[in-house]
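For reference, the structure discussed in these notes is given below.
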Amino acid sequence: MTGRRLTSLLAYVTTTAAGASLLTGCGVLPGATGGSREHITVMTWAPDQTRATNMPGMPAMAQAYARWVNSQGGIDGHELRVLTCNEQNTPAGAAACARRAVREDAVAVVGSYSQHGGAFLAPLEAAGIPYIGGYGISEDEFTSSLSYPVNGGQASLIAGHGMQLAESCRKVSLVRPDTVDGDRLPDLLNSGLRKASHRSAIDIPAVEDAAEYTEQAGRARDKAGDENGCVTAVLGERTQTFFDSFRRLPKDDAKGTDKGGSDDRKNDVVRISSVLGSVGQPVIDRTGGAHSPFEGAYVTGWYPEADDKSWDPMRKVIKEHAFADNRVDPADAGVQTTWIAYTVLKAVVESLDSDRISSEKITQALDRGARIDTGGLTPALRWKYEDLLGAPGYPRIVNREVTFQVVREGRLVAQKPGFVDVGETVLSAP
């Protein structure tokens, strides 16, 4: 058995043991009402230890959630069992995780990350297993009738980012993955930029898992110019690598050199920007906090900033049930998405009030209009036909709101209060 499989097995055994230890001699979870209720098995997957984007905090958050909810008597009396899987950032890995979910009789896949929607959704659809609260990185998550996204995905972030940048940037360079999904990003960004009658962004494709981006960084800064120019990079985990290359560019070798310092970045008149998931508080902390190269950067997110009080219940669970697990960062967008996804699962199961929970029952409840309150982290979520945005390529978006943030003194804070509706902007993208 490999070290990775052993680690996954131990995590699963630990989680299930924590739930099983709560069973009384009669086989009823503490706090359950009525007779014995069957356990619920779900799966959460994400890539880990790969060369591209990794999201180990998502399955770790799922395990912490299971420990917490089982300590409270389960979900409506049902013990929650969480299976985890390393998706490996490959179509084969994603499909293998999905097949395992089918084999293990999971009633849902919850709060997971994968770019390979075409690979994992087919096995789930064949088995009738709903995909609740995926990260939103794959377009397939917004087309499958068994997918229930809790955010507007990459589409809403990029369209919203264009709106955010349109207020301050005369020219914008976009560095994005040279992939099929990446090919959609320029149109989405431009749909937001055009809200202020701006010209289109300069499109700069880049290899997603490169070790350095000096060539792309130089071109991006040159094209952005030195008059209210902006460089935005959306490369997932490699965004930090790109901006490291950007920071190292010779000052006298490209346009955009600041001789005195005039904006939040102080050392460069070209402002940098990105979206949540490519840049977040954990990245800012790792790269120097207030002295980070991201100081002054614009960032578009799905949810309130990490210090918002709406996150307090999640922080309490993390503190009490994942205190020693450094994978679970409450400021991480993947961890936040997983928390919201499990909030949806909990609400749906409680609404069913049934001794046995099946994937079919969960799907029917969601399709019939179960309305989920996430405590202010998103608008109320519901997936009835009339709630769907219906945008080409993204018909199942129901949460069309984003937040505009900026890095100040090493912290992501709100640039403007509240949420911004980007539904019409996404609809206007080609």
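The values are calculated or read from the model by the stated rules, or taken from the named source; none is laboratory data. Everything quoted here is computed from the prediction, not taken from an experiment. Methodologically, a virtual Cβ is constructed for each residue, glycine included, from the backbone with ideal geometry; neighbour enumeration extends over all protein chains shown. Keep in mind that these areas ignore ligands, DNA and RNA; they rest on the heavy atoms of the full protein, side chains included. Shrake-Rupley method; radii C 1.70, N 1.55, O 1.52, S 1.80 Å.
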Task: Residues (polar (S, T, N, Q) and open to solvent by less than 10 Å² (accessible area, probe 1.4 Å)) located in the range 145-170 - done: Ser147, Asn151, Ser156, Gln164
- [ ] Looking only at the range 39-54, count how many residues are open to solvent by less than 40 Å² (accessible area, probe 1.4 Å), at pLDDT below 95 and either touching a Pro at 6+ places or on another chain (Cβ under 7 Å) or within 14 Å of Arg327 (Cα to Cα) (or both).
- [x] 2
TODO: Could you identify the single residue in Ile132, Ile75, Ile137 that is closer than 28 Å to Arg371 by Cβ, touching a Lys or Arg at 6+ places or on another chain (Cβ under 6 Å) and of a type in the set (Val, Ile, Thr)?
DONE: Ile75
Open item on the list: If I filter the range 399-415 for residues that are under 21 Å from the mean Cα position of the chain (by Cα), under 28 Å from Ala101 (Cα atoms) and crowded, with 18+ Cβ neighbours inside 10 Å, do I get at least one hit?
Closed with: yes
TODO: Taking Leu188 as the residue in question, decide whether it is open to solvent by less than 40 Å² (accessible area, probe 1.4 Å), touching a Ser or Thr at 6+ places or on another chain (Cβ under 9 Å) and under 24 Å from Phe120 (Cα atoms).
DONE: no
TODO: Give the residues of the range 377-398 that are small (Gly, Ala, Ser) and either touching a Ser or Thr at 6+ places or on another chain (Cβ under 6 Å) or open to solvent by 40 Å² or more (accessible area, probe 1.4 Å) (or both), sorted by residue number.
DONE: Ala380, Gly390
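To keep it simple, each residue is scored yes or no on (1) at pLDDT 95 or above; (2) touching a His at 6+ places or on another chain (Cβ under 7 Å).
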| position | (1), (2) |
| --- | --- |
| Ser173 | yes, no |
| Leu189 | yes, yes |
| Ala201 | yes, no |
| Ala210 | no, no |
| Glu215 | yes, no |
| Gly229 | no, no |
| Thr232 | yes, yes |
Open item on the list: Take Glu350 and tell me if it is surrounded by 17 or more Cβ atoms within 10 Å (Cβ to Cβ) and at pLDDT 95 or above.
Closed with: no
TODO: Could you tell me whether the range 314-326 includes any residue that is surrounded by 14 or more Cβ atoms within 10 Å (Cβ to Cβ), at pLDDT 95 or above and in contact with an Asp or Glu (Cβ under 9 Å, 6 or more places away or on another chain)?
DONE: yes
- [ ] Report the residue count in the range 103-123 for those that are closer than 19 Å to Asp332 by Cβ and either open to solvent by 10 Å² or more (accessible area, probe 1.4 Å) or not small (Gly, Ala, Ser) (or both).
- [x] 3
- [ ] Answer yes if at least one residue in the range 181-201 is in a strand (DSSP E or B) and touching a Pro at 6+ places or on another chain (Cβ under 9 Å), and no otherwise.
- [x] no
Open item on the list: All but one of (1) crowded, with 20+ Cβ neighbours inside 10 Å; (2) modelled with pLDDT of 95 or more hold for Ala126; state the number of the condition that does not hold.
Closed with: (1)
Task: Residue, farthest from Gly225 (Cα to Cα), within the range 155-198, restricted to residues that are polar (S, T, N, Q) and in contact with a Phe, Trp or Tyr (Cβ under 9 Å, 6 or more places away or on another chain) - done: Ser156
TODO: Kindly provide the set of residues from the range 202-226 that are assigned to a helix (DSSP H, G or I) and in contact with a Gly (Cβ under 7 Å, 6 or more places away or on another chain), ordered by number.
DONE: Arg221, Ala224
- [ ] Taking only the range 104-138 into account, find how many residues are within 17 Å of Arg81 (Cβ to Cβ) and part of a loop (DSSP other than H, G, I, E, B).
- [x] 8
Task: Count - residues of the range 139-164 that are part of a strand (DSSP E or B) and not polar (S, T, N, Q) - done: 1
TODO: Consider Ser36 carefully, then state whether it is among the hydroxyl-bearing types (Ser, Thr, Tyr) and modelled with pLDDT under 95.
DONE: yes
- [ ] Inspect the range 104-120 for any residue being under 21 Å from the mean Cα position of the chain (by Cα), of a type in the set (Val, Ile, Thr), closer than 20 Å to Ala220 by Cβ and at pLDDT 95 or above and give the result as yes or no.
- [x] no
Open item on the list: Can you find a residue that is open to solvent by less than 20 Å² (accessible area, probe 1.4 Å) and either over 20 Å from the mean Cα position of the chain (by Cα) or closer than 30 Å to Gly192 by Cα (or both) anywhere in the range 83-92?
Closed with: no
